[in-house]
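Peer 1: Okay, here's the structure, questions in a sec.
The values are calculated or read from the model by the stated rules, or taken from the named source; none is laboratory data. Nothing here was measured: the structure is a model prediction, and the numbers come from that model. All Cβ positions, glycine included, derive from the backbone under ideal geometry; neighbour counts span all protein chains shown.
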Amino acid sequence: MDAQDSTSNPRGMAGWFDPGLPPRQQVLGFIYAKWAVGALRAAVEVKVPDALADGPRTVAEIAGTTGTDADALYRVLRAIAAAGVLEERADGRFALLPVSEGLVSDAEGGIRDMFLFASDPMLWRPYENVAHTLRTGEAAFVPAFGEPFYEYTKAHPDKAAVLDRAMLQNRYPGMDRIFDEFDFGRFRRIADVGGGRGHFLAELLRRHPGTTGVLVDQAHTVAEAKEVFDGSGLEDRVSVVPSDFFVGVPSGCDAYFVKNTLHNWDNDKALLILRSIRTAVGDTDARLLIVENLLRGPGEWDIGKLIDVESLAVLGGRERDRAEWNRLAGAAGFAPANEPVPGDVALLEYRPV
Ligand SMILES: C[S@@+](CC[C@H](N)C(=O)[O-])C[C@H]1O[C@@H](n2cnc3c(N)ncnc32)[C@H](O)[C@@H]1O
């Protein structure tokens, strides 16, 4: 078995250990990731991948395009190449590799915005003080930025834009499997609660021409939904409804899709969101469709267990296993209606009771 297999490696991230060190020191290999991410983030910020999009370039050429110091740039690029993200050629030119092509701006299937969000100080600085969260239970984001994450992004439009743009790229192979396997076509009207700018709702509507959709998110986020829907041909099939999901969500839908959103919140807050949905469902048979990491059991490798610490330290949120989801949904008045497989992103269907 490949030690770096992200889905089934029984020893977690053993591929990050440095076998060149004595066993008691090998965990220092995790620190290499910090060095690599810091260098790569800088290169992505100044758009080195864009400068290489049309082919290999010398450091002088890249420094000219990106407006950077050639010596510092060379050292950063050399480090990134050593880490396997760029190619450093014998003739002194640097080139993109398949793993760096997705870091070019607007690359098809790319993840530049997601990479910049995930390595942004918003998500980075809480990691400087996860011990605060351990000692107090409070998200480390709060002492670092003076307020909770979503209040901070509401007050800082530039940071909200970093988040919202990243969510357009919040897409993994597990999600494609869900789109392919789950029959969304059986619904007439689907609400995407906390649906960001509507990227997923647009894809659902495109795949299922018989459905209509309701995009539900904060006013400043749905204000940008026109970027997704204008000119898409879907304009007549979508309603955009700015709402605070703690207060209420629109009724009249036969499915309420909530993706990568409930994990942002602790059980008390997540329950409020689910109760808003349950109120909207009323006495209909509308379904609750939760898409989140579904945690595997004790001792098993699961990337969701690492994401859980980010949810905890940044947002005070949590990833959950099946029993936790069922308890939460049950408290809001929903019963399980399918049997998703843990260990990846999963769609949990619930019916109202
Ligand atoms: C992590 S994002 C997920 C976005 C999208 N569902 C996805 O998977 O890409 C969480 C979303 O919850 C929204 N949100 C946060 N607080 C909210 C509130 N009080 N009412 C409605 N939406 C809210 C955010 O604006 C954001 O779009």
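Peer 1: Going by the structure shown, is Gly64 modelled with pLDDT of 95 or more, in a helix (DSSP H, G or I) and closer than 16 Å to Ala79 by Cβ?
Peer 2: Answer is no for this residue.
Peer 1: So, in segment 209-227, exactly how many residues are farther than 18 Å from Pro157 by Cβ and not hydroxyl-bearing (Ser, Thr, Tyr)?
Peer 2: Qualifying residue count, segment 209-227: 6.
Peer 1: Additional query: Do we find a residue being more than 30 Å from Val162 (Cα to Cα) and in a helix (DSSP H, G or I) anywhere in segment 29-39?
Peer 2: No, every residue in segment 29-39 fails to be more than 30 Å from Val162 (Cα to Cα) and in a helix (DSSP H, G or I).
Peer 1: Out of all the residues in segment 267-285, is one or more farther than 24 Å from Arg188 by Cβ, buried (at least 18 other Cβ atoms within 10 Å of the Cβ), under 18 Å from the mean Cα position of the chain (by Cα) and touching a residue at least 24 places away in the same chain (Cβ under 8 Å)?
Peer 2: Checked segment 267-285: at least one residue is farther than 24 Å from Arg188 by Cβ, buried (at least 18 other Cβ atoms within 10 Å of the Cβ), under 18 Å from the mean Cα position of the chain (by Cα) and touching a residue at least 24 places away in the same chain (Cβ under 8 Å).
Peer 1: With respect to Ser239, determine if the residue is of a type outside the set (Val, Ile, Thr), more than 9 Å from the ligand (Cβ to nearest atom) and part of a strand (DSSP E or B).
Peer 2: Here the answer is yes, as Ser239 does meet what is asked.
Peer 1: If a residue has to be assigned to a helix (DSSP H, G or I), near the ligand (Cβ under 9 Å from one of its atoms), touching a residue at least 40 places away in the same chain (Cβ under 8 Å) and surrounded by fewer than 23 Cβ atoms within 10 Å (Cβ to Cβ) to count, how many in segment 168-220 make the cut?
Peer 2: Residues that pass the stated criteria total 2.
Peer 1: Right, here's the next one. Name the single residue, out of those in segment 289-304 being over 14 Å from the mean Cα position of the chain (by Cα) and charged (D, E, K, R), that is nearest to Ala337 (Cα to Cα).
Peer 2: Arg296
Peer 1: For residues that are closer than 24 Å to Ser276 by Cα, among the small types (Gly, Ala, Ser) and without any contact (Cβ under 8 Å) to a residue 40 or more places away in the chain, tally how many sit in segment 295-353.
Peer 2: Of the residues in that region, 3 qualify.
Peer 1: Looking for whichever is closer than 22 Å to Glu138 by Cα and in contact with a strand residue (DSSP E or B) (Cβ under 7 Å, 6 or more places away or on another chain) here; the options are Ile307, Ile290. Which one fits?
Peer 2: Ile307
Peer 1: Could you pull out the residue among Val37, Val48, Val44 that is at pLDDT 95 or above and closer than 24 Å to Ala90 by Cβ?
Peer 2: Val48
Peer 1: If you take the residues of segment 244-271 that are in a helix (DSSP H, G or I) and polar (S, T, N, Q), which of them is nearest to the ligand (Cβ to nearest atom)?
Peer 2: Asn264
Peer 1: Determine which member of the set Asp71, Asp106 is loosely packed, with under 13 Cβ neighbours inside 10 Å and outside any loop (DSSP other than H, G, I, E, B).
Peer 2: The conditions single out Asp71.
Peer 1: Suppose the filter is within 16 Å of Asn260 (Cα to Cα) and buried (at least 20 other Cβ atoms within 10 Å of the Cβ); does Leu348 pass it?
Peer 2: Yes; evaluated as a whole, the condition is true for this residue.
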